[in-house]
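Everything below concerns the one structure shown next.
The values are calculated or read from the model by the stated rules, or taken from the named source; none is laboratory data. These numbers were taken from a predicted model, which means no experiment stands behind them. All Cβ positions, glycine included, derive from the backbone under ideal geometry; neighbour counts span all protein chains shown. Just the protein is used for accessible areas: all its heavy atoms, side chains included, with ligands, DNA and RNA removed. Shrake-Rupley method; radii C 1.70, N 1.55, O 1.52, S 1.80 Å.
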Amino acid sequence: SIIDVLATLYLHEANITADNLDDPDRDRVILSKGHAANALYTTFAAAGLLEAAELDTFVQPGSRLNGHPARTKVPGVEANTGPLGHGLPIAVGDALAAKIDGSPRRVFVLTGDGELQEGSNWEALMAAAQFKLDNLIVVADRNHLQQGATTEDTNDLSPLDGKARAFGAHVVDVDAHDHGALLDAFGAAPVEPGRPTFIVAHSHKGHPISFMSDSVPWHHKLPDEAQTARALTELEALK
């Protein structure tokens, strides 16, 4: 899931800390599926980029923790995202700028599989291959669900790995819930010099909560008190 990917990046892999946010050579992480901002803020708190107490203000009036991340409000947010299909083009521009500047920074961008139905992503990926942006790592959250339906019922992306490969990327398949596998994939990039890395992160929306996993309504649905208690009980049992 996206929280697994973000946690692996911010807590282990990406060169991003509270002390180096002004360093132009730090790594970049762009959350293209900006509607997952709550996962980003939670990861920020775990990584020391945000006070944990502020999480309680999420989407409250006057809070800087908007439903979509805003770079002018929260240090560490690289781009205002939410309109789908924008994050990858921004990441390509950032990766190209790093090449021009001679910077060692890497650019990670997290996309949803539903948003990959936007044509802007494929134009950007084609440009990434053209400019040999091997400092770009694209992570596609491949959970097969989007707002209201499955990707297969909306606009089937299969074979996603074949499409990304045809557009010039080196493709890696990984279990998005396996942090070790994610670390191996991130650490190996660029797998092929001169080519962007495209990681197909196979995941289950709502994992590991039994009544949320792979369920379309939980794209937007909020748990009531009983469901929250049940979810916490299931999470506690996994420790």
Restrict the check to region 141-160 and report whether at least one residue is under 23 Å from Arg26 (Cβ atoms) and either in contact (Cβ under 8 Å) with a residue 40 or more places away in the chain or in contact with a helix residue (DSSP H, G or I) (Cβ under 8 Å, 6 or more places away or on another chain) (or both). no
Contacts under 7 angstrom Cβ, first residue in region 38-49 being free of Cβ contacts under 8 Å to residues at least 12 places away in the same chain, partner open to solvent by 20 Å² or more (accessible area, probe 1.4 Å) and hydrophobic (A, V, I, L, M, F, W, C), 6 or more apart: Ala45/Ala52; Ala45/Leu55
Going through region 53-82 in order, the residues found to be of a type in the set (A, V, I, L, M), free of Cβ contacts under 8 Å to residues at least 12 places away in the same chain and open to solvent by less than 60 Å² (accessible area, probe 1.4 Å) are Ala70
Residues of region 169-228 satisfying the condition of being modelled with pLDDT under 95, open to solvent by less than 50 Å² (accessible area, probe 1.4 Å) and among the hydroxyl-bearing types (Ser, Thr, Tyr): Ser203, Ser213, Ser215
Does His177 satisfy the criteria of being under 27 Å from Gly67 (Cβ atoms) and touching a Leu at 6+ places or on another chain (Cβ under 8 Å)? no
His86 being open to solvent by 60 Å² or more (accessible area, probe 1.4 Å), closer than 30 Å to Ala129 by Cα and over 12 Å from the mean Cα position of the chain (by Cα): yes
Within region 99-125, residues being within 17 Å of Arg28 (Cβ to Cβ), touching a residue at least 40 places away in the same chain (Cβ under 8 Å) and surrounded by fewer than 21 Cβ atoms within 10 Å (Cβ to Cβ) number 4
Test result for Ile2, surrounded by 15 or more Cβ atoms within 10 Å (Cβ to Cβ) and at pLDDT below 95: yes
Test: Asp113 is of a type in the set (Asp, Glu) and within 19 Å of the chain's Cα centre (by Cα): yes
Tell me yes or no: at least one residue of region 150-164 is open to solvent by 80 Å² or more (accessible area, probe 1.4 Å), over 21 Å from Ser32 (Cα atoms) and modelled with pLDDT under 95. yes
